[in-house]
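The values are calculated or read from the model by the stated rules, or taken from the named source; none is laboratory data. Note that the coordinates shown come from a computational prediction; the quantities given were computed from them, not determined experimentally. In this analysis, Cβ positions are derived from the backbone assuming ideal geometry, glycine residues included, and neighbour counts consider all displayed protein chains.
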Amino acid sequence: MKVALFLTGHTRTFEKTKQSLLNLFKEQELDIYCCTWDNNGHYSISNKFELEIKKELILSEKEFNLQKKTFKFEDRNYDIFKTCKRAAEHGEYWINRLMAQWYCVQKSFDLLENYEEYDLIFRSRYDILFSERIKLEKNNFLNVPINKHHVYNDHFAYGNPVIMKKYSNLYDAYLEMYRESNIDISYAEKMLKFYIEDYCKIKTSFFDYRYRILK
């Protein structure tokens with residue numbers, strides 16, 4: 001089975017998690033794509049982590065800030081950021097943080113010039129310590145692990161190329177979900193669930209899996 005693995009986020013603990021991630025794909029033909037953030041000048045992810053990478057991209061926050069979508073609160077009495085205490089407390093800080101996260105996801109997926117050549121596409125953060133192999137299944141679902149904090153989470157997921165393209169383009173719909181559906185876009189898990197199941201009309205397959213995030 002031919003699999004594309006694309007990684008997103010910060011690489012701070014990747015040296016410690018890298019091997020557990022690679023162990024997932026010992027029986028697959030694997031291509032790796034990477035996108036990360038760096039404010040101190042570009043570097044090579046493949047050289048830094050001694051990893052064979054098909055394509056990589058280093059983003060700067062300055063670059064992101066120059067082109068990012070402009071957020072403003074809607075002037076409406078029923079607005080989620082007025083009626084929900086949790087949303088009001090998290091507010092613009094978490095909105096911008098999640099927007100940057102999903103921008104990185106989109107840019108990483110865009111590195112797959114011919115994404116339809118893969119049987120499965122797997123997206124992960126760099127800081128996940130995987131405990132054991134995952135039985136990868138070809139189906140028409142977005143496959144998401146259950147963890148102890150949230151049933152739905154944005155740590156990693158996999159699916160067929162069509163589904164993963166939609167998953168990876170959440171950034172394009174981010175502000176629209178708030179404007180049109182009054183969704184709390186500062187709430188990572190609920191926002192992703194709404195995007196996948198209501199906005200994209202994609203069904204989710206949950207699987208029980210134990211893993212850790214290394215800070």
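Structure above, values below:
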{"item": "Residue match in segment 180-187 (condition: surrounded by fewer than 21 Cβ atoms within 10 Å (Cβ to Cβ), free of Cβ contacts under 8 Å to residues at least 24 places away in the same chain, in a helix (DSSP H, G or I) and not acidic (Asp, Glu))", "result": "yes"}
{"item": "Residues that are closer than 16 Å to Tyr118 by Cα and touching a strand residue (DSSP E or B) at 6+ places or on another chain (Cβ under 9 Å), drawn from segment 8-30", "result": "Phe25, Gln28, Glu29, Leu30"}
{"item": "Residue selected from segment 101-121 under the condition touching a helix residue (DSSP H, G or I) at 6+ places or on another chain (Cβ under 6 Å) and of a type in the set (A, V, I, L, M, F, W, C), by the criterion farthest from Gly159 (Cα to Cα)", "result": "Trp102"}
{"item": "Conditions (1) without any contact (Cβ under 8 Å) to a residue 24 or more places away in the chain; (2) closer than 27 Å to Lys166 by Cβ; (3) β-branched (Val, Ile, Thr): number failed by Thr83", "result": "(2)"}
{"item": "Considering residues of segment 46-78 that are of a type in the set (A, V, I, L, M) and within 15 Å of Val105 (Cα to Cα) only, the residue surrounded by the most Cβ atoms within 10 Å (Cβ to Cβ)", "result": "Leu59"}
{"item": "Subset of segment 81-102 [of a type in the set (A, V, I, L, M) and either crowded, with 17+ Cβ neighbours inside 10 Å or closer than 16 Å to Leu7 by Cβ (or both)]", "result": "Ala87, Ile95, Leu98, Met99, Ala100"}
{"item": "Pairs, first farther than 16 Å from Gly91 by Cα in segment 166-178, second of a type in the set (D, E, K, R) and surrounded by 18 or more Cβ atoms within 10 Å (Cβ to Cβ), C-beta under 8 Å, six or more apart", "result": "Tyr167/Arg123; Ser168/Arg123"}
{"item": "Scope segment 135-154; condition within 24 Å of Met191 (Cα to Cα), part of a loop (DSSP other than H, G, I, E, B) and modelled with pLDDT under 95; matching residues", "result": "Asn147, Lys148, His149, His150, Val151, Tyr152, Asn153, Asp154"}
{"item": "Matching residues in segment 191-215 - criterion: being part of a helix (DSSP H, G or I) and surrounded by 15 or more Cβ atoms within 10 Å (Cβ to Cβ)", "result": "Met191, Leu192, Lys193, Phe194, Tyr195, Ile196, Tyr199"}
{"item": "Number of the condition not met by Tyr171 [criteria: (1) surrounded by 16 or more Cβ atoms within 10 Å (Cβ to Cβ); (2) more than 18 Å from Cys35 (Cβ to Cβ)]", "result": "(2)"}
{"item": "Residue check for Val105: part of a helix (DSSP H, G or I), surrounded by 21 or more Cβ atoms within 10 Å (Cβ to Cβ), touching a strand residue (DSSP E or B) at 6+ places or on another chain (Cβ under 9 Å) and of a type in the set (A, V, I, L, M)", "result": "yes"}
{"item": "Strands (runs of 3 or more DSSP E) fully within segment 2-85 counting 2 or more residues that are out of contact with any helix residue (DSSP H, G or I) (no Cβ under 8 Å at 6 or more places or on another chain)", "result": "29-37"}
{"item": "Boolean, Glu132 is part of a loop (DSSP other than H, G, I, E, B) and either in contact with a strand residue (DSSP E or B) (Cβ under 7 Å, 6 or more places away or on another chain) or at pLDDT below 95 (or both)", "result": "yes"}
